[in-house]
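Colleague: The structure is given below, and queries will be raised subsequently.
The values are calculated or read from the model by the stated rules, or taken from the named source; none is laboratory data. Only a predicted model underlies this, so the values are computations on that prediction, with no experimental measurement involved. Backbone-built Cβ (ideal geometry, glycine too); neighbour counts: all protein chains shown.
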Amino acid sequence: MTIIKVPVKGLSSKEYERSLKVTWQPELQYAWDNGIAIGKYLEALKDGKILGSRCEKCHRIMLPARSFCELCWRPVDEYLPVKDTGIVNTFSICHVNWDASRLKPREPRHLPAVIEIEGASAGMGIMHLLGNVKPKDIYIGMKVKAKWKPRKDREGTITDILYFEPVRK
Amino acid sequence: MNERVAIIGIGSTGFSPVSPDLSFKELTYSAAVKAYDEAGLHPKEIDSFITGSEDFMEGYSIFDEYIPDQMGAVLRPAHTVCADFIQAMGVGCMMINTGEFRTIAVEAHSKASNVKTLDEVKAFGLDPVYLRTLKENAEFLAGLEMRRFLEETGNSVEQCASVVVKNRKNALINPEAGHGAVLTEFDVLSSHPVSTPLKHLDAAAPSDGAIVIVLAAEEVARSLCDNPVWIKGFSWCSAEGNFWSRDLSFAKYASLAAKKAYAMAGISQPSKEIDFAEVCDEYSYKELQHLEALGLARRGESGYLTETGATSLEGEMPVNTSGGSIGVGHTFEASGGMKVNEAVQQLRGLAGKRQIKGATTGLVQSWRGVPTGTGSVAILSNES
Ligand SMILES: [Zn+2]
């Protein structure tokens, strides 16, 4: 039996990618229609208001505003602004970025929270960020208020609210 | 099927190139309200919910999570089928046949106008090693298939153009269609070549819209509905993954799916027993190729039948009375739904100016577009 010796040479990472894998980078772009309810909700944010919708059958005031009640299966009866204050339902202190890279020790932590907005039905939370607060001072049940962007900078997105901050007595 | 299944309610939004007034949820909701109302059911009385969808077309992964609200399916059994509406409808029939479900809602929608890089999504469906690397627009596959099909069957580009003329004309009298027009074969043949022999007007244009149906087991259907449309048979089939090793002249997937569906429905002479057909015409030549595969035209004769009017509204075998995808608009996974909708209207005698007199049995067929070799067939009838 003849043994053929295969010369062994390490591959650079570029050579490795090219010789052992096929790569593709998709360029996917979407522009979703807001439609009635999301459109109204975002428009109201521009105006400094958080918009809910009310269903006369289950008496819920729902957030964010929607055009139909998904439980009663009927169109909503009214769109109405609720307050821009609420209480923290749950929160987390996030030590990683969107892409899962770690925040540097001195970088401020991200503070996502579910906030139950005053004036909406119990349990109706919206998702946002907390700010102007030390992570160790946050607690469930903490009362918070929206910190809005200056009117001229608002664009009709949920980031027209910069963050929710504690209501200090 | 042990248990007969019928469509007892249907809702359609109609189809248009854009739909900026409604979100995708609101679009589906408006179709679902009509379907449930027709069925006389509150969604709480529907046992399970299915959406036919493809995540890349939605721009959401795990799209299942985004279907309950607009279907009335919050905290209820719901799932997506990553396939065309007709496949989702088949899954619904099978669920009813388990005996565990009496009613099922099936939905599909298209918000193609919201996909800004539609050609990238299509390219993403191509094999990354053997096709994408060539960096050709995905329509080149349609051009290749069209040429081979015409070469082997003797059908002509002029006959393909007459498919376009017929379907866009039918769409003029379909209030739900977005692309009705009076065209001539010359208009089609002189439109911009996309990937020869395929011309711009040979391809259906992307469109938005939603369809919802309610399926019911026989006993429920009879008690709730005066004009149920029975699903007598259905099947689907997928070809090998490599586009280039398929028989491009013949849509084997459609032929095999049809064979099974015909057997289930007890049909032995399709062109005699079927009164009209809604077949996939995403490209003009596909209508011809599908007619031959479904046994509704002999090989090489589909073009002649079209040219001589046999597949027109007044013909012996009307095909795509709705206007097809070419006349209504191409709605991706909702395409089969659009065709089911037309068949239901025909079988209920509600197709208005497009009505085929005395129609009792219709065929609906879908294909999932390039590069797929996947197609479904269903036989619908107003006689149980
Ligand atoms: Zn309600």
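Colleague: Please specify each residue of region A:38-58 satisfying the condition of being closer than 23 Å to B:VAL33 by Cβ, of a type outside the set (A, V, I, L, M, F, W, C) and more than 8 Å from the ligand (Cβ to nearest atom).
Modeller: A:GLY39, A:LYS40, A:TYR41, A:GLY52, A:SER53, A:ARG54 - these are the residues of region A:38-58 that are closer than 23 Å to B:VAL33 by Cβ, of a type outside the set (A, V, I, L, M, F, W, C) and more than 8 Å from the ligand (Cβ to nearest atom).
Colleague: Looking at B:SER268, B:SER223 in this structure, which one is in the same structural domain as B:GLY352 (by TED's automatic domain parsing) and either of a type in the set (Ser, Thr, Tyr) or not in a helix (DSSP H, G or I) (or both)?
Modeller: Every option except B:SER268 fails the conditions.
Colleague: Show me the strands (runs of 3 or more DSSP E) entirely contained within region B:1-84 in which 2 or more residues are under 26 Å from B:GLN346 (Cα atoms).
Modeller: Strands (runs of 3 or more DSSP E) meeting the threshold: B:5-12, B:48-52.
Colleague: Within region B:146-156, identify whether any single residue is within 12 Å of another protein chain (Cβ to nearest Cβ) and not hydroxyl-bearing (Ser, Thr, Tyr), and answer yes or no.
Modeller: no
Colleague: While we're looking at this one, here's another question. Looking only at region B:80-123, which residues are within 14 Å of another protein chain (Cβ to nearest Cβ) and either farther than 21 Å from B:ASP64 by Cα or of a type in the set (Ser, Thr, Tyr) (or both)?
Modeller: Keep residues of region B:80-123 that are within 14 Å of another protein chain (Cβ to nearest Cβ), which gives B:105, B:109-123.
Scanning region B:80-123 gives B:SER110, B:SER113, B:LYS116, B:THR117, B:LEU118, B:ASP119, B:GLU120, B:LYS122, B:ALA123.
Colleague: Against the conditions (1) closer than 21 Å to B:TYR283 by Cα; (2) in a strand (DSSP E or B), where does B:LEU183 fall short? Just the number, please.
Modeller: (2)
For (1) buried (at least 24 other Cβ atoms within 10 Å of the Cβ); (2) touching a residue at least 24 places away in the same chain (Cβ under 8 Å), each residue gets a yes or a no:
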site: B:ARG147; (1), (2): no, yes
site: B:SER156; (1), (2): no, yes
site: B:ALA177; (1), (2): yes, yes
site: B:VAL182; (1), (2): no, no
site: B:VAL194; (1), (2): no, yes
site: B:VAL212; (1), (2): yes, yes
site: B:CYS225; (1), (2): no, yes
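Colleague: Pull up region A:27-57, narrow it to residues that are within 12 Å of chain B (Cβ to nearest Cβ) and aliphatic (A, V, I, L, M), then point me to the one that is surrounded by the most Cβ atoms within 10 Å (Cβ to Cβ).
Modeller: A:ALA37
Colleague: Pick from A:ILE93, A:ILE61: which is more than 15 Å from the ligand (Cβ to nearest atom) and modelled with pLDDT of 95 or more?
Modeller: A:ILE93
Colleague: Can you pull out every residue in region A:58-78 that is more than 20 Å from the chain's Cα centre (by Cα), within 14 Å of another protein chain (Cβ to nearest Cβ) and touching a residue at least 40 places away in the same chain (Cβ under 8 Å)?
Modeller: Let us first name the residues in region A:58-78 that are more than 20 Å from the chain's Cα centre (by Cα), namely A:58-61, A:67-78.
Subsequent filtering for residues that are within 14 Å of another protein chain (Cβ to nearest Cβ) retains A:58, A:60, A:67-76.
Residue satisfying the conditions is A:ARG60 alone.
Colleague: Residue by residue through region B:292-320, note down the ones that are polar (S, T, N, Q), farther than 22 Å from B:GLY358 by Cα and in a loop (DSSP other than H, G, I, E, B).
Modeller: B:THR308
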